[in-house]
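Input: a single structure, listed below in structure tokens.
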Amino acid sequence: MSSQEIPVVKVVAGIARQGQCVLIAQRRKGDFLGGMWEFPGGKVESGETPPDALKREFLEEFGAEIKVKNYIGARLHRYPHCLIELCAYEVELLTPLQHQLAHDDLAWVPIPQLRNFTLAPADEFLQKYLLEERTQ
């Protein structure tokens, strides 16, 4: 790989709703972007579809089964060490959250209050999507 090439990492995020609230997770303090909030998800592994990756991530990270519903969209975001391709979906929790293995905190946040949280830059388009959806 030349110094000009940046790896592309395909990741997924799920928008889980509970009434008028959405689930966000706080990245661990020692991790890249530690302390920032994100919509739950993770890397798509080789041979996985994005919906399969979301199901696996919710099961591994929270012990919860989900149904992947509507595709919201995808965005590319450049970080210093890689290019993230984030694909987002609406998800429905089929079982309760059992634990949190990969985050410092979880929060069910009313959509208008998303403005009060510092989201990871790659997730900001989802914040905008939700806030605009609410005003329509």
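The values are calculated or read from the model by the stated rules, or taken from the named source; none is laboratory data. What you see is a predicted model; the values in this text were computed from it and never measured. Methodologically, a virtual Cβ is constructed for each residue, glycine included, from the backbone with ideal geometry; neighbour enumeration extends over all protein chains shown.
Within segment 95-130, the set of residues being touching a strand residue (DSSP E or B) at 6+ places or on another chain (Cβ under 6 Å), in a loop (DSSP other than H, G, I, E, B) and either loosely packed, with under 12 Cβ neighbours inside 10 Å or of a type in the set (Phe, Trp, Tyr) (or both) comprises 117 only. Taking only segment 60-75 into account, find how many residues are free of Cβ contacts under 8 Å to residues at least 24 places away in the same chain and under 14 Å from the mean Cα position of the chain (by Cα). Counting residues in segment 60-75 that are free of Cβ contacts under 8 Å to residues at least 24 places away in the same chain and under 14 Å from the mean Cα position of the chain (by Cα) gives 2. Total residues in segment 76-92 satisfying the condition of being in contact (Cβ under 8 Å) with a residue 12 or more places away in the chain and under 20 Å from residue 28 (Cβ atoms): the figure is 6.
Looking only at residues of segment 31-44 that are of a type in the set (Gly, Ala, Ser) and in a strand (DSSP E or B), we find that the one that is surrounded by the fewest Cβ atoms within 10 Å (Cβ to Cβ) is 42. Can you confirm whether segment 21-30 contains a residue that is free of Cβ contacts under 8 Å to residues at least 40 places away in the same chain and either more than 18 Å from residue 118 (Cβ to Cβ) or outside any strand (DSSP E or B) (or both)? Checked against the condition, which is being free of Cβ contacts under 8 Å to residues at least 40 places away in the same chain and either more than 18 Å from residue 118 (Cβ to Cβ) or outside any strand (DSSP E or B) (or both), segment 21-30 yields at least one hit.
For residue 90, the conditions (1) assigned to a helix (DSSP H, G or I); (2) at pLDDT 95 or above are fulfilled apart from (1).
Do we find that residue 47 is in a loop (DSSP other than H, G, I, E, B) and over 19 Å from residue 87 (Cα atoms) in this structure? When the stated conditions are applied, residue 47 does not pass them.
Pairing each residue of segment 93-106 that is more than 18 Å from residue 36 (Cβ to Cβ) with any residue that is in a loop (DSSP other than H, G, I, E, B), provided the two are 6+ apart or on different chains, yields C-beta distances under 6 Å for 93/64; 94/65; 95/64; 95/65; 97/64; 98/63; 99/63. In this structure, residue 13 does not qualify as over 23 Å from residue 128 (Cβ atoms), under 15 Å from the mean Cα position of the chain (by Cα) and either exposed (fewer than 12 other Cβ atoms within 10 Å of the Cβ) or of a type in the set (A, V, I, L, M) (or both).
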